[in-house]
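Some notes on the structure that comes next.
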Amino acid sequence: MKKTILQSAICMSVFLILTVSFIRMPEEEIIQIPKLPESSCTVSASDGFMTVGKEVEITYFTENVPAGGTAQLKFRGDPNMIYEIRVYYSSGKSQSGALTPIKADISGDFGWSWNVSPNTRKGEVRITVTSENTRVDLKMNVY
């Protein structure tokens, strides 16, 4: 009987030590937050809407723009989040000063408007909009 009580006491001590050790583990060892995938989804307004990461809504997009015209892109996303845009023409990345990072307002609205050079070659333009947890790829057509 003494042996059984002693064994029970040892088991209980080991159980308590393991329980206390588990409870005291740092939170980052218990919960691992997955990284966003490196790939992206490519869409045009006619294809539907897809993103990688948190969803944003396209509220306005000039999918077809004449050379010399104005392109506009507006979204609704996370309030107060910083978003960046990159526009890639056939000649390379746009250097337009209007395409700077922008902070969404308290409703989550943000967007850009920029002039497309009259010398821009006709064809497909790739647009990428990113934040710390979102990436949206679009295609615009210059005609």
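Assorted remarks:
- Residues located in segment 89-98, provided they are under 13 Å from Leu73 (Cβ atoms) and surrounded by 15 or more Cβ atoms within 10 Å (Cβ to Cβ): Ser94, Ser96
- Output for segment 66-88, where each listed residue is closer than 18 Å to Arg121 by Cα and buried (at least 17 other Cβ atoms within 10 Å of the Cβ): Ala71, Val87
- Pair list, Cβ < 8 Å and 6+ apart or interchain, from segment 91-106 residues that are touching a residue at least 12 places away in the same chain (Cβ under 8 Å) and charged (D, E, K, R) to residues that are in a loop (DSSP other than H, G, I, E, B) and surrounded by fewer than 15 Cβ atoms within 10 Å (Cβ to Cβ): Lys103/Asn80; Asp105/Pro79; Asp105/Asn80
- Residue check, Leu18 surrounded by 13 or more Cβ atoms within 10 Å (Cβ to Cβ), at pLDDT below 95, of a type in the set (A, V, I, L, M) and not in a strand (DSSP E or B): no
- If you go through segment 99-143 and keep only what is among the aromatic types (Phe, Trp, Tyr) and surrounded by 12 or more Cβ atoms within 10 Å (Cβ to Cβ), you end up with Phe110, Trp112, Trp114.
- Restricting attention to segment 105-131, the residues that are under 16 Å from Glu84 (Cβ atoms) and of a type in the set (A, V, I, L, M) add up to 2.
The values are calculated or read from the model by the stated rules, or taken from the named source; none is laboratory data. The structure displayed is predicted, hence computed values, not measured ones. Backbone-built Cβ (ideal geometry, glycine too); neighbour counts: all protein chains shown.
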